[in-house]
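**Student:** This structure is in structure tokens; I'll ask about it shortly.
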């Protein structure tokens with residue numbers, strides 16, 4: 001699960017300048033039925049902000065214990081006088097799945113991204129959107145690629161209900177049959193979320209993964225989760 005929403009949550013709720021949360025999701029998607037934990041951290045400073053998250057899947061692909069670990073770290077350089085932020089990012093991870101001969105490990109190709117970030121928020125920060133245009137290099141796959149990202153949020157009922165999400169569209173060669181041929185060149189991933197916030201610390205909600213050609217799986221899929229979140 002790829003979460004990019006912490007910065008917008010903090011703006012929306014007026015949370016103190018440093019915050020982190022942990023999420024637990026159960027995935028109801030076809031052939032999934034496993035648990036994912038996410039740890040996020042966001043810290044702003046005078047020259048922008050730093051954000052990272054770590055996802056871990058458990059008991060997916062027939063493996064016991066942690067079956068996938070993925071992390072993303074991003075830095076936005078921006079001052080009050082700059083209309084756009086300068087975005088730099090690193091993504092990477094690894095996983096394993098079970099076969100009759102035992103577990104087989106694999107690496108998620110590391111990616112390096114850089115580009116611009118532009119955010120629009122309402123006067124009371126009850127809703128907003130962030131747009132990113134990024135150059136992307138995927139190690140051992142696509143040296144010159146791109147990624148377009150949108151992140152949004154909207155709060156209702158005195159911040160008790162939050163609708164949020166992100167959408168990524170990027171270029172990456174996919175070989176679904178592992179025969180050396182490129183079967184698809186573009187990937188789409190979106191994760192709209194809904195949260196009921198009991199207080200500033202504890203939330204219950206759901207996330208729906210909408211993906212096309214994502215995770216080396218051909219086609220479009222809808223994968224809902226049931227989740228809870230604790231913000232420190």
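**Student:** Gap in Å between the Cα centre of segment 86-153 and the Cα centre of segment 188-232?
**Tutor:** 16
**Student:** Next question, about the same structure. Normalising by the residue count of the chain, find the relative contact order in percent from Cα pairs under 8 Å and 6+ residues apart. Could the numbers behind the result be given before it?
**Tutor:** Working: 611 pairs, mean separation 35.5, N = 232.
For the chain, the relative contact order is 15 percent.
**Student:** Taking 25 Å as R0, compute the FRET efficiency from the Cβ-Cβ separation of residue 122 and residue 208 and round it to 0.05. Write down the numbers at each step before the final one.
**Tutor:** On the way: r = 25 Å, r/R0 = 0.98.
Taking R0 as 25 Å, the efficiency between residue 122 and residue 208 is 0.55.
**Student:** For segment 16-154, what Kirkwood radius comes out of the mean inverse Cα-Cα distance, in Å? Intermediate values should be presented prior to the final figure.
**Tutor:** Details: mean 1/r = 0.0581 Å⁻¹.
Over segment 16-154, the inverse of the mean reciprocal pair distance is 17.2 Å.
**Student:** Something else now. Beta carbons within 10 angstrom, averaged per residue: use that to sort the peptides 204-216, 131-143, highest first. If you can, show how the numbers build up before the last one.
**Tutor:** Working: 204-216: 17.8, 131-143: 16.0.
In descending order of packing, they fall as 204-216, 131-143.
**Student:** What is the packing order of peptides 170-183, 88-101, taking the mean over residues of other C-beta atoms within 10 Å and listing the highest first? Could the numbers behind the result be given before it?
**Tutor:** Numbers: 170-183: 12.7, 88-101: 14.6.
Sorting 170-183, 88-101 by mean packing, highest first, produces 88-101, 170-183.
**Student:** Which value in deg cm²/dmol, rounded to the nearest 500, describes the helix-derived mean residue ellipticity at 222 nm for the chain, given -39,500 (n - 2.57) per DSSP H run of n ≥ 4 and division by the residue count?
**Tutor:** On the way: 1 runs with 8 residues, N = 232.
So the helix-based figure for the chain works out to -1000 deg cm²/dmol.
**Student:** Evaluate the Kirkwood expression for the hydrodynamic radius of segment 149-232, namely the inverse of the mean inverse distance over all pairs of different C-alpha atoms, and round to one decimal in Å. Intermediate results must be reported in sequence, preceding the final value.
**Tutor:** Values: mean 1/r = 0.0688 Å⁻¹.
Evaluated over segment 149-232, this radius sits at 14.5 Å.
**Student:** What number does the chain give for Rg over Rh if you use C-alpha atoms and the Kirkwood radius?
**Tutor:** 0.96
**Student:** Using a basic spin-label model with each label point 7 Å from the Cα along Cα→Cβ, how many nm lie between residue 176 and residue 82?
**Tutor:** 4.0
**Student:** Percent relative contact order of segment 103-155, based on C-alpha pairs within less than 8 angstrom and at least six residues apart? Intermediate results must be reported in sequence, preceding the final value.
**Tutor:** On the way: 91 pairs, mean separation 17.6, N = 53.
Relative contact order comes out at 33 percent.
All of the numbers you see were taken from the coordinates with simple rules; none came from a lab. Note that this is a predicted model, so its numbers are computed, not measured. Positions of Cβ are backbone-derived with ideal geometry, glycine not excepted, and every protein chain shown enters the neighbour counts.
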